[in-house]
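This report refers to the structure that appears directly beneath it.
The values are calculated or read from the model by the stated rules, or taken from the named source; none is laboratory data. The model shown is predicted, which means the values in this text are computed figures rather than measured ones. Neighbour counts are summed over all protein chains in view; Cβ atoms, including those assigned to glycine, are modelled from backbone coordinates with ideal geometry.
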Amino acid sequence: MALLEVRNLGITFGGLHAVEKFSVSVEKGQLYGLIGPNGAGKTTVFNLLTGVYQPTEGEIVLDGKSIVGQKPAVINKAGIARTFQNIRLFKDMTVLDNVKVALHNQVKYSALTGVLRLPAYFKQERVMNEKALSLLKIFDLEGEAAQMASSLPYGKQRKLEIARALATGPKLLLLDEPAAGMNPNETAELMEIVRLVRDRFGIAILLIEHDMSFVMGLCERIVVLDYGRVIAEGDPETVRTDPKVIAAYLGGEA
Amino acid sequence: MKIKSLNHNFRRSLVTYGIVIAAFAVIQIISGMGMLTNSLSGQLVPICAYIIMAVSLNLTVGILGELSLGHAGFMSVGAFMGAFVSVCLTDVMPGWLSLTLALLAGTAAAAVIGLLIGIPVLRLQGDYLAIVTLAFGEIIKNLLNSFYVGRDASGFHFSLKDAPSLNLDETGEIIINGAQGITGMPRSATFTLGFVLILITLAIVQNLIDSRTGRAIMSIRDNRIAAESVGVNITKYKLIGFSVSAALAGLAGAMYAHNFSTLVARKFDYNTSILVLVFIVVGGLGNIRGSVIAAAALTVLPELLRGFSDYRMLVYAVVLIVMMLFNQSPQLAAWRRKWTAKLTRGQADGKGA
Ligand SMILES: Nc1ncnc2c1ncn2[C@@H]1O[C@H](COP(=O)(O)OP(=O)(O)OP(=O)(O)O)[C@@H](O)[C@H]1O
Ligand SMILES: [Mg+2]
């Protein structure tokens, strides 16, 4: 059984079928691409998978358990973490605290322990700091740990969002246009990081990206959406040469 | 090197305690030399109460990011509960004990009311809390204005109509008398008590902010959707933040009540809520130290400006604007950070951090 099984997922917004009969199956440790022209419904799929939107139909099964109808926080605890197309950092908090918030369900102590500064507070905070710093290190952000998240340049904000998502200890990571706004150097570096994250943490990654060389170079499988429907699915080579995919992209640009 | 920058929050808290302790010492010395005016020394306990109010409101508005327009309502709940407990217990136990119980009861009562308001309202998205707390502030004031409690041999009697309908027998006494409020309280609140309660409030709020719970609360303020996406239970942490804030307002109210022999609900109206809101806006949203300083300065100022008579409000407005600039202007913020860093570096090094 695959890690993520999505069957016939659909949602309508006042008559608009934003996503229709969407099915996908992501294996443990797989790098999966989700592509399609603007407005195809890619981000909507992420919002359905993470409980931001409730589907009008279909099933989502993670690790054998249905997660349809659960709240976003519960789905995160079940093992799905994500980043956002329009970056959503905790901007008035430090880079380090952004990651520490995400360790919320990994390293715990009660509110009273914190207020009374009991020994467990110091012990758990030390664990949190170590975990957070080691994640920041992967993204070369440990030097900025004490800065406000909003003061980071764009590319680093995107990386911080990934670090934050990873801190929740997911089985499946959803990246919504992680390379958007990055220069070619940063994009190349990001490819390395994504691979490294998959290898080190053994998690599956489903990513949306418009940069085709990024997707084709990184992903083992790709699913293509157009007008809310899957028009192709397969390995990068198959998808790249699929006439329906070529038509969708050319049509989208016209 | 790294660890030092991580201890930033801790050092910032220490500076705040330091300022409060220093201010307390200075005022004690001035007062010891007999140089404190009567009107000002009568203001000391209320100033402490307003500082606690400001710090607690900042937890809701600056840290949780929800607007509350009825914070004086929680203060009045704490004040009436505290005063009621005190009047009932004064004759049967030592003063310090009944005062402690009164403070705890006032705090607890406000916390419970905070929960009762928060549970339905904080589930909603949008500025519903502002509307509901605004209504709450007015409702609780009117309710307390027409609230009668008496005690006689057969126990407590309540009424929302008038004193005679309490039906007290000849041993009876009225404790809460509608719009005339509560009378005969022991005036047991002192400046030292206020000082200690400020330190306790600061410890609770600053420790909370710099903890797992506080980070969860601030993450909701900064981006609710992202907070949910990293597994933060939104309703739970909003409720924790809001009810702690309400509880501390209750504490402030209970202490405030013990500065007077008579307590009426009129004191805790909309204007008081807005005044505390002004304190925290001037002091900087989310800036706990700023709240302390602004609440103290803006309460003392009208007293100090009595000599200016006609120009009093003008000077008050100018000070308000200067304080706002001091808190909000980026250049001044950078300048302030530089100096705080300079002043605290010695401390941190000394500890070998
Ligand atoms: N909350 C909503 N209410 C109404 N319509 C919506 C909502 N969310 C998305 N849509 C619509 O659903 C369609 C798909 O949007 P979506 O954001 O999923 O596209 P996308 O594939 O991510 O596009 P892009 O590449 O531009 O990010 C669009 O037509 C959009 O307007
Ligand atoms: Mg999108």
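Structural remarks
- Scanning the range B:57-107 for residues that are within 30 Å of B:Leu285 (Cα to Cα) and part of a helix (DSSP H, G or I) yields a count of 24.
- Evaluated against (1) within 14 Å of another protein chain (Cβ to nearest Cβ); (2) over 30 Å from A:Thr94 (Cβ atoms), B:Leu263 falls short on exactly one condition, (1).
- Filter pass, B:Gly283 being within 14 Å of chain A (Cβ to nearest Cβ) and in contact with a Ser or Thr (Cβ under 9 Å, 6 or more places away or on another chain): no
- Criterion violated by A:Arg117 - all others in (1) within 16 Å of ligand 2 (Cβ to nearest atom); (2) charged (D, E, K, R); (3) surrounded by fewer than 22 Cβ atoms within 10 Å (Cβ to Cβ) satisfied: (1)
- Answer residue from the range B:169-182, given it is touching a residue at least 60 places away in the same chain (Cβ under 8 Å) and farther than 14 Å from B:Phe260 by Cβ and is surrounded by the fewest Cβ atoms within 10 Å (Cβ to Cβ) among those: B:Ala179
- Answer from B:Leu343, B:Leu320 - the residue that is at pLDDT below 90, closer than 26 Å to B:Leu59 by Cα and in a helix (DSSP H, G or I): B:Leu320
- Residues in the range B:207-218 that are more than 7 Å from every other protein chain (Cβ to nearest Cβ) and of a type in the set (A, V, I, L, M, F, W, C): B:Ile209, B:Ile217.
- Taking (1) modelled with pLDDT under 95; (2) more than 9 Å from ligand 1 (Cβ to nearest atom); (3) not acidic (Asp, Glu) in turn, A:Gly14 satisfies each apart from (2).
- Residue identified as on the phi < 0 side of the Ramachandran plot, within 16 Å of ligand 1 (Cβ to nearest atom) and of a type in the set (Phe, Trp, Tyr) among A:Phe214, A:Phe139, A:Phe201: A:Phe214
- Of residues in the range B:183-206 being of a type in the set (S, T, N, Q) and surrounded by 22 or more Cβ atoms within 10 Å (Cβ to Cβ), the one nearest to the other protein chains (Cβ to nearest Cβ): B:Gln206
- Of everything listed in (1) crowded, with 16+ Cβ neighbours inside 10 Å; (2) over 16 Å from the mean Cα position of the chain (by Cα), the single unmet condition for A:Ile75 is (2).
- Search result, residues across the range B:238-287 that are of a type outside the set (Phe, Trp, Tyr), over 27 Å from B:Pro120 (Cα atoms) and surrounded by 24 or more Cβ atoms within 10 Å (Cβ to Cβ): B:Met255, B:Ala257, B:His258, B:Leu263, B:Val282, B:Gly283
- If the condition is being away from ligand 2 (no atom under 16 Å from the Cβ), away from every other protein chain (no Cβ under 14 Å) and charged (D, E, K, R), then the range A:30-88 contributes A:Glu57, A:Glu59, A:Asp63, A:Lys65.
- Residues being away from chain B (no Cβ under 11 Å), more than 16 Å from ligand 1 (Cβ to nearest atom) and of a type in the set (D, E, K, R) - total across the range A:145-178: 3
- Any hit, the range A:54-68, residues being more than 19 Å from A:Ala179 (Cβ to Cβ), within 12 Å of ligand 1 (Cβ to nearest atom), modelled with pLDDT of 95 or more and outside any strand (DSSP E or B): yes
- Filtering the range B:138-180 to residues that are within 26 Å of the chain's Cα centre (by Cα) and of a type in the set (Gly, Ala, Ser) leaves B:Ser146, B:Gly178, B:Ala179.
- Answer residue from the range A:8-29, given it is within 18 Å of the chain's Cα centre (by Cα) and charged (D, E, K, R) and is nearest to ligand 2 (Cβ to nearest atom) among those: A:Glu27
- Picking from residues in the range B:219-236 that are in a helix (DSSP H, G or I) and surrounded by 24 or more Cβ atoms within 10 Å (Cβ to Cβ), the one that is farthest from the other protein chains (Cβ to nearest Cβ) is B:Ile220.
- Restricting the range B:112-168 to residues that are out of contact with any strand residue (DSSP E or B) (no Cβ under 8 Å at 6 or more places or on another chain) and polar (S, T, N, Q), the residue that is surrounded by the fewest Cβ atoms within 10 Å (Cβ to Cβ): B:Gln125
- Filtering A:Asn86, A:Asn38 for residues that are surrounded by fewer than 19 Cβ atoms within 10 Å (Cβ to Cβ), free of Cβ contacts under 8 Å to residues at least 24 places away in the same chain, of a type outside the set (A, V, I, L, M) and within 16 Å of ligand 1 (Cβ to nearest atom) leaves a single hit, A:Asn86.
- Residue match in the range B:6-22 (condition: in contact (Cβ under 8 Å) with a residue 12 or more places away in the chain, within 30 Å of B:Gly181 (Cα to Cα) and outside any helix (DSSP H, G or I)): no
- Residue match in the range B:16-26 (condition: over 17 Å from the mean Cα position of the chain (by Cα), within 30 Å of B:Leu144 (Cα to Cα), at pLDDT below 95 and not β-branched (Val, Ile, Thr)): no
- Being aromatic (Phe, Trp, Tyr) and either under 22 Å from A:Lys28 (Cβ atoms) or touching a residue at least 60 places away in the same chain (Cβ under 8 Å) (or both) is a condition met by at least one residue of the range A:227-249.
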